[in-house]
1. Which of the residues that make up the range 123-161 are touching a helix residue (DSSP H, G or I) at 6+ places or on another chain (Cβ under 6 Å), in a loop (DSSP other than H, G, I, E, B) and closer than 10 Å to TYR97 by Cα?
2. Could we say that GLY93 is at positive phi and assigned by TED's automatic domain parsing to the domain that holds PRO164 here?
3. Of everything in the range 106-164, what is touching a Gly at 6+ places or on another chain (Cβ under 6 Å) and of a type in the set (A, V, I, L, M, F, W, C)? Give them in sequence order.
4. When you scan the range 177-190, how many residues do you find that are farther than 20 Å from TYR212 by Cβ, touching a residue at least 12 places away in the same chain (Cβ under 8 Å), surrounded by fewer than 19 Cβ atoms within 10 Å (Cβ to Cβ) and not aliphatic (A, V, I, L, M)?
5. Residue by residue through the range 97-139, note down the ones that are charged (D, E, K, R) and over 18 Å from the mean Cα position of the chain (by Cα).
6. Between a residue in the range 113-131 that is without any contact (Cβ under 8 Å) to a residue 12 or more places away in the chain and any residue that is surrounded by fewer than 24 Cβ atoms within 10 Å (Cβ to Cβ) and not polar (S, T, N, Q), which pairs come within a Cβ distance under 6 Å, given they are 6 or more apart or on different chains?
7. List the residue pairs whose Cβ atoms are under 8 Å apart, where the first residue sits in the range 84-99 and is in a loop (DSSP other than H, G, I, E, B), the second is acidic (Asp, Glu), and the two are 6 or more positions apart or on different chains.
8. Name, by its number, the condition in (1) more than 30 Å from PRO191 (Cα to Cα); (2) among the basic types (Lys, Arg); (3) touching a Ser or Thr at 6+ places or on another chain (Cβ under 8 Å) that does not hold for LYS157.
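The values are calculated or read from the model by the stated rules, or taken from the named source; none is laboratory data. Keep in mind that this is a model prediction, so the values were computed, not measured. We place every Cβ from the backbone using ideal geometry, glycine too, and count neighbours over all the protein chains shown.
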Amino acid sequence: MTMNYDILLRGGHLIDPKNGRDSIMDLAIKDGKVAAVGPSLSGLAEKTVDISGLYITPGLVDIHLHVYGGFDAWLFPDPHCLPQGVTTCMDTGGAGYKDFEHFKDTIIASAKTRVLALLNIVGAGMIGPPEQNTTDMDPKKCAGMISRYPEYLVGSKSAHFGGPGWESAGGAIKAARISETITMMDFSPKPTRTYEELLARLSPGDIHTHCYSTRTPLMDEDDQVQKYVWAARERGI
């Protein structure tokens, strides 16, 4: 008896935005790849599983994760991601230009999860007090490393900087513009570098993460979203 498929999943709720699918369907797998999708698929399989009441989705993407560095909450990607249906994750600033290749060789190369990354503007990466070292923030070196490994590095990251100036945020923005990529900001406003000015400096595709933190002035005195926040969102921030 010829088996058409290796695995046949029957009766799941398939959500596939790219192809406009959002309904009850079967999904068949052959040689590790999706072989067929449709209602009530015909054919035989080595293993058939009734997944009625469950969802089927493409692999999920986690765009803010820490899977490398001195940050004490970092996680190994595979045990954290794969059981949750996440097949692609993005490390956000664990490595800088000085240690990205170590990250690539020790974590990315061995992970089954696809690991992308944003490169920390700090050369030493996300390792606590050194993140305040403005002399280690080099936009050109950061951009150079991003350009060297475009298959892994999708942009730059600024985080945890407590100084009054724009060395961290401005440096990460400059690195992204040089490398023609994006940047992600973890930003604490100061009188000398306001949130409104940050949003004005960002370009479409750039990201402000942790935007619901109490340190972020999203609302005005009438508890309405700041007009400049709406304007930034309309620009694609």
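1. GLY123, ALA124, listed by residue number.
2. Yes; evaluated as a whole, the condition is true for this residue.
3. Selection gives LEU118, ILE121, VAL122, ALA124, MET126, ILE127, MET137, ALA159.
4. Count: 1.
5. Correct list: LYS98, ASP99, GLU101, ASP105, GLU131, ASP136, ASP138.
6. PRO130/ALA124
7. GLY93/ASP186; GLY96/ASP136; TYR97/ASP138
8. With (1) more than 30 Å from PRO191 (Cα to Cα); (2) among the basic types (Lys, Arg); (3) touching a Ser or Thr at 6+ places or on another chain (Cβ under 8 Å) applied to LYS157, the lone miss is (1).
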